[in-house]
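Reviewing the structure listed below.
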Amino acid sequence: MIVDFKFKNIIIGFIFTFLLSFCSPKGEVENHSIILKKIYKILYFLHPIPIKINNDFSKKVYKKYFENLDFQKRFFLKKDLEYISYYREKIDDYWINGDPIFFNITINRFYQRIKEVENFCFKILKKPFDFNKKEIFVPGEYKYFYPKNKEEWIEEWRKYLKYLTLMEIVTSINTKKNFFKNYKKNIWNNLFINKEKKSRKKVEEDLREYFRKLKMKKKIDWFSMYVNTIISHYDPHTIYFSTKEKENFDLNISGKTEGIGIELKDYKGYATVVKLIVGGPAWKSKKIDIGDKIIRVAKNPNSESQNIIGMLLENSVRLIRGKKGSKVKLTIQKKNGSIEEVIIIRDIIEKEEIFAKSVILLDNNNKNKYGLIHLPEFYFNPENKNGRNAAKDMKNIIQKLKKEKIKGLLIDIRNNGGGSLETVVKISGFFLGKVPIVQVKLSSGKKKIIKNKEDNILWKGPLVILVNELSASASEILAACIVDYKRGIIVGSDQTYGKGTVQTFYPLKSFLFSNNELGTLKFTMNKFYRVNGSSTQLKGVNSDIVIPNNNVSFSIKKMEKDKPNSMIWDRIDSIPYIPWKGKVDLEKIKLKSLNRLKKHQDINTIYKNIQLFEKKFIKKRNFSLNWKEFYYDNLKIKKRNENFQKLKDYLNIYGLKAYPPSYKIISKYKLKKKEWENNLLKDFQIAECVNILRDFNEN
């Protein structure tokens, strides 16, 4: 993701006259109408790729909406779709006019069906299932049609609940290979009957919890999904956030929140403490323990406590959060059953896992030191430009590494999905100085050249950038300019993610004379291009040295080119730029690494086999509900998964034999980062990067 906040002021001139015509909303329907109107106008004027809002658009939205709302086809009936299909070619008109009628009709019917399903499901679970009967359960995602009538509807749910009960039974049984060879029928039947009753009870408990949470979702949550279904047809990165969704986004991208430093999990309606953040207010107070249940919250000690039992967890968390230095009063049910009230002073809590971290790698061959920086995101604080960000942290880390007299620098941006455009430009400048970093093509057709503003080059020595298929957006800007300026070597996957678009945020209540919370639109406003004129959209950045890894799951891997409605690849004119004048011939360094790779071509064969294996067995499309067939099917799946894991493990074993780590780790980190450091000694991609840094110094 690339986010540019400077563009916000430009928006004002385009849509000011439209927004003044909106009245202050008087209710939920009015709010929804204003949100739809404003988003449509913004995208109509400012989205770089105009799309036709017509009947074809309407049909696509209609289809996708029901996939999102009822993916497993468990709630709607065929007659519901027949009734609602009247609106199938009208969504385009409702979108243009800001009319939420289609959403209201579908969501009201959805609520009605939820109540009906909840009612008959618990009736189904009161009777034992016949697991000797041979029948098949097909997950709804693989069905073409919704249930024809109520009888078929109930029958589909019966099979689903039977499937869940079977899963509970099988996972609780000893799964030895010879289990069925040695069993006595009477003993097995008794065991199975006992397990059936207990497992059916567990499914009932889980189902109650599922419906409790489902019914507590507010209309705005479903409305967000409806809006995002519509605007996803513009491009995959244009997204509407409700107010609370935007709060969570800001927390994730900044890595900071103001609270008491606990992680909560919803356990049967109770906000239960599952983790205390070391150094946080709750941890320091010694008044809260893991397993405690928070049952009431007062935003401050003088306000009335609010009962949060059964409340959606995200709403409970919002009550507990607050400004640094303020106090919150919690009523806690301790693990021993006692009830206590505690008052805790809130503070800033940092999400350490998204921040840059580093170690020194000591080369066993020549005793040189190399710096390794892991950068999970190009983080920044949307509310405070002077707050902590990736550029500041990277600068401090590089300066510290230089004092250790490192001979090379490795930056690991694998799985880094991007962040702030301004931040990545600054970081790129640490290695290139005051030069053009990236081009942006504006919606007007003009291009803007974005330069780093500082002359000082922070690191002039050997540089390697490690990427994978999930290195996206800002990560691709960094990798691209390092390649184009011939400043260093890119190692990793064949190509990066392929997201070459820039987004900006627009709060929807701007210029409205209302205090109502309308949310925020993040929308794509243009594309960025490399200094050589090529877009990274779809094609990403190609690595100089391609080394496969087994850390990306192919069953969940979706790159930009796999997403519907992605913008196309194109190019613009190159701009004048001067390649880096280094002392080392990069082509010779690459050749040395490629020669090492040639000796171990089997690693690519193993990697391709893993891809084929996972794609072939990605999902099972139907399940026998006969207990014996189900059990043996699960044994086969378990065996297949074990073989797949062995294949992945073998890739790592082979990789470490081909590229044995020839370095030690020098670190001052405490225990919480030791796991990351230990994994560095098992990472053959890191091992080859060290080999490349050694080549730089020996060339």
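Just so you know, all these numbers are worked out from the coordinates, no wet-lab data involved. Note that the structure is predicted; figures quoted are calculated from it, not measured. Please note: Cβ atoms are built from the backbone with ideal geometry, for glycine as well, and neighbour counts cover all protein chains shown.
What is the Cα centroid distance between segment 378-447 and segment 72-92, reported in whole angstrom?
With segment 378-447 and segment 72-92 each reduced to a Cα centre, they are spaced 48 Å.
Quick one: which residues, 5 or more positions from Lys256 or on another chain, have an amide H under 5 Å from its amide H? H modelled 1.01 Å from N in the peptide plane, none for Pro or chain starts.
The answer is Lys351.
Taking amide H atoms as placed 1.01 Å from N in the peptide plane, list the residues 5 or more away in sequence, or in a different chain, whose amide H sits under 5 Å from that of Leu264.
Val274
Spelling out what I want: for every residue of segment 526-531, take phi, set θ = phi - 60°, compute 6.51 cos²θ - 1.76 cosθ + 1.60 (Karplus), and round to whole Hz; glycine and proline get x.
Coupling constants for segment 526-531: 6, 10, 10, 9, 5, 5 Hz.
Hey, can you grab everything whose amide H is under 5 Å from the amide H of Thr536? Only 5+ residues off in sequence or another chain; H modelled, so Pro and N-termini drop out.
Amide H neighbours of Thr536, under 5 Å, 5+ apart: Arg530.
Over all distinct Cα pairs, what is the inverse of the mean 1/r for segment 298-453, reported as the Kirkwood hydrodynamic radius in Å?
Hydrodynamic radius (Kirkwood, Cα only) of segment 298-453 equals 19.9 Å.
Compute log10 of I(q)/I(0) for segment 262-385 with the Debye formula, placing one identical point scatterer on every Cα and leaving out solvent, at q = 0.09 Å⁻¹, to two decimals.
Rounded to two decimals, the profile gives -0.37.
May I ask which of Lys41/Lys453; Lys367/Lys646; Lys213/Lys334 have a Cα-Cα span longer than 29 Å here?
Beyond 29 Å: Lys41/Lys453; Lys367/Lys646.
Cut-off 19 Å, label point 7 angstrom out along Cα-to-Cβ of Lys201: give me the residues of segment 124-148 whose amide nitrogen falls inside.
Hits in segment 124-148 for Lys201 at 19 Å: 124-130.
Take the residue pairs Lys148/Lys265; Lys357/Lys561; Lys195/Lys639; Lys115/Lys323; Lys162/Lys561; Lys195/Lys636 and return only those whose Cα atoms are more than 28 Å apart.
Lys148/Lys265; Lys357/Lys561; Lys115/Lys323; Lys162/Lys561
Starting at the first residue of segment 389-404, write each ³J(HN,Hα) from the Karplus equation 6.51 cos²θ - 1.76 cosθ + 1.60 with θ = phi - 60°, in whole Hz, x for Gly and Pro.
8, 5, 5, 4, 5, 4, 4, 5, 5, 4, 4, 5, 5, 4, 5, 7
Here are some pairs, Lys447/Lys558; Lys441/Lys608; Lys64/Lys256; Lys244/Lys299; which of them have Cα atoms lying more than 26 Å apart in this structure?
Cα-Cα > 26 Å for Lys447/Lys558; Lys441/Lys608; Lys64/Lys256; rest within.
Regarding segment 563-610, what is the average projected area of its C-alpha convex hull, in nm²?
7.2 nm²
Report the extension gain between Met216 and Asp573 in nm, rounded to one decimal, defined as 0.36 nm multiplied by the number of residues separating them, less their alpha carbon distance.
Net length gain for the segment: 123.2 nm.
Between Glu263 and Glu587, what is the label-point separation in nm under the 7 Å Cα-to-beta-carbon projection?
Modelled inter-label distance: 5.0 nm.
Mind checking the full-extension length gain between Val274 and Asn652? Use 0.36 nm per residue of separation minus the Cα-Cα distance, one decimal, nm.
Contour length minus Cα-Cα distance gives 132.8 nm.
Per residue, what volume in Å³ does the convex hull of the Cα atoms of the chain enclose?
So the per-residue Cα hull volume is 193 Å³.
For labels at Ile51 and Asn699 in the simple 7 Å Cα→Cβ model, what's the distance in nm?
Placing both labels 7 Å along Cα→Cβ, they lie 4.5 nm apart.
What does the extension gain come out to for Asn595 and Asn302, with contour length at 0.36 nm per residue minus their alpha carbon separation?
Net length gain for the segment: 98.4 nm.
Could you tell me the center-to-center distance, by alpha carbons, between segment 222-298 and segment 126-168 in angstrom?
Result: 35 Å between the Cα centres.
Name the residues of segment 394-413 whose amide N is less than 20 Å from a point 7 angstrom out from the Cα of Trp676 along the C-beta direction?
Inside the label zone: 394-404, 406, 408-413.
For Asp562 paired with Lys402, estimate the spin-label separation in nm (one decimal), with each label point 7 Å from Cα along the Cα-to-Cβ line.
4.1 nm
Note down the net charge around Asp289, summing +1 for each Lys or Arg and -1 for each Asp or Glu among other residues with Cβ under 14 Å from its Cβ.
So the environment of Asp289 carries a net charge of +4.
Starting from the Kirkwood Rh over alpha-carbon pairs, what translational D in µm² s⁻¹ does segment 53-233 have by Stokes-Einstein at 25 °C and 0.890 mPa s?
130 µm²/s
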